[in-house]
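All remarks here apply to the structure that follows.
The values are calculated or read from the model by the stated rules, or taken from the named source; none is laboratory data. Small disclaimer: the values here were computed from a predicted structure and weren't measured. Cβ atoms come from the backbone with ideal geometry, glycine included; neighbour counts cover every protein chain shown. When the accessible area is computed, the model is the full protein with side chains, heavy atoms only, and any ligands, DNA or RNA have been set aside. Shrake-Rupley method; radii C 1.70, N 1.55, O 1.52, S 1.80 Å.
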Amino acid sequence: LLRAVGSSEISLDYLPIVELETGRRIAVEATLRWQHPELGDVPRSELLEIADESGLVVPLGDWTLREACRRLGAWRRAEPERAPAFVSVTLSRAEIALGPRLLDGVRGALAAAGLPPKCLQLEIPERVATDPRGAVPGVLDALRVLGVRLSMGGFGSGSSSLACLRSHAFDAVKVSQGAMRGLASSREALALTHATLSLLENLGMASIAEGVDDPAQLAVLQS
């Protein structure tokens, strides 16, 4: 992985974030990809685990942030009417622990790409956002002052804290793919999803459903 960082083996995929009422793609989420010359496409979960264990999660995160901003800047210049409104990038626990260095990196990436802060959404995993031992509150406050969008990812995959939603005031919350299972066939799954979306709406937060790839799921969410 150390050899691969900065080479063509490491790239970003951009997953669409679609507005269900209109079917329009409004934004994209940048996801890291490693195409190993011998092993092929390394699963993202393994890539992130290797990066964390090897201490490369911070340089990879910095590269991801800069490359995602650069790509969005290029899209906005080439096709301003069709370009995504923002790009979403996930932060790791190690990056958040950087504190002021993370803020400097965000400012630098936006400036280099010529993007206003509103064009960047930073996603904090649920397990990181709800950890009382971390430096999350101060960092999120500083990022909010900077003007970037904030979201919490993986909601419903762990021990979600409703107090966390109230105290951090995210712009959006991404409901985990696991919470979407059985949506079209289980009354319990439907009731929980409906309650979750109603809660987030009442808090003034956008809801992002992760990994919707089934027509029945899509129809239920649209309704």
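Filtering region 46-91 to residues that are under 14 Å from Tyr14 (Cβ atoms), of a type in the set (A, V, I, L, M), open to solvent by less than 50 Å² (accessible area, probe 1.4 Å) and not in a helix (DSSP H, G or I) leaves Ala83, Val87, Val89. Residue count for region 1-27, restricted to those that are of a type in the set (Lys, Arg) and over 22 Å from Arg70 (Cα atoms): 2. Of all residues in region 190-223, those satisfying the criterion of being at pLDDT below 90 and assigned to a loop (DSSP other than H, G, I, E, B) are Gly211, Val212, Asp213, Asp214, Ser223.
With respect to the conditions (1) under 18 Å from the mean Cα position of the chain (by Cα); (2) touching a residue at least 40 places away in the same chain (Cβ under 8 Å), Gly114 falls short on a single one, namely (1).
Within the set of pairs 6+ apart or on separate chains, which have a first residue in region 172-189 that is under 13 Å from Val220 (Cα atoms), a second that is acidic (Asp, Glu) and outside any strand (DSSP E or B), and C-beta atoms under 9 Å apart? Hits for this filter: Met180/Glu210; Met180/Asp214; Gly182/Glu188; Leu183/Asp214; Ala184/Asp214.
When residues in region 200-223 are screened for being over 20 Å from Glu29 (Cα atoms) and open to solvent by 60 Å² or more (accessible area, probe 1.4 Å), 7 of them pass. Just for region 165-189: of the residues that are basic (Lys, Arg) and either in contact with a Gly (Cβ under 9 Å, 6 or more places away or on another chain) or not in a helix (DSSP H, G or I) (or both), which one is modelled with the highest pLDDT? Looking at residues that are basic (Lys, Arg) and either in contact with a Gly (Cβ under 9 Å, 6 or more places away or on another chain) or not in a helix (DSSP H, G or I) (or both), I get Lys174. When the residues of region 92-136 are filtered to those that are assigned to a loop (DSSP other than H, G, I, E, B), modelled with pLDDT of 95 or more and under 20 Å from Leu12 (Cβ atoms), which remaining residue is most open to solvent (accessible area, probe 1.4 Å)? Step by step, filter region 92-136, then rank; the result is Gly114. Among the residues of region 137-159, which ones are under 16 Å from the mean Cα position of the chain (by Cα), among the polar types (S, T, N, Q) and at pLDDT below 90? Across region 137-159, the qualifying residue is only Ser157. Restricting attention to region 7-45, the residues that are more than 29 Å from Arg82 (Cβ to Cβ), touching a residue at least 12 places away in the same chain (Cβ under 8 Å) and open to solvent by 70 Å² or more (accessible area, probe 1.4 Å) add up to 1.
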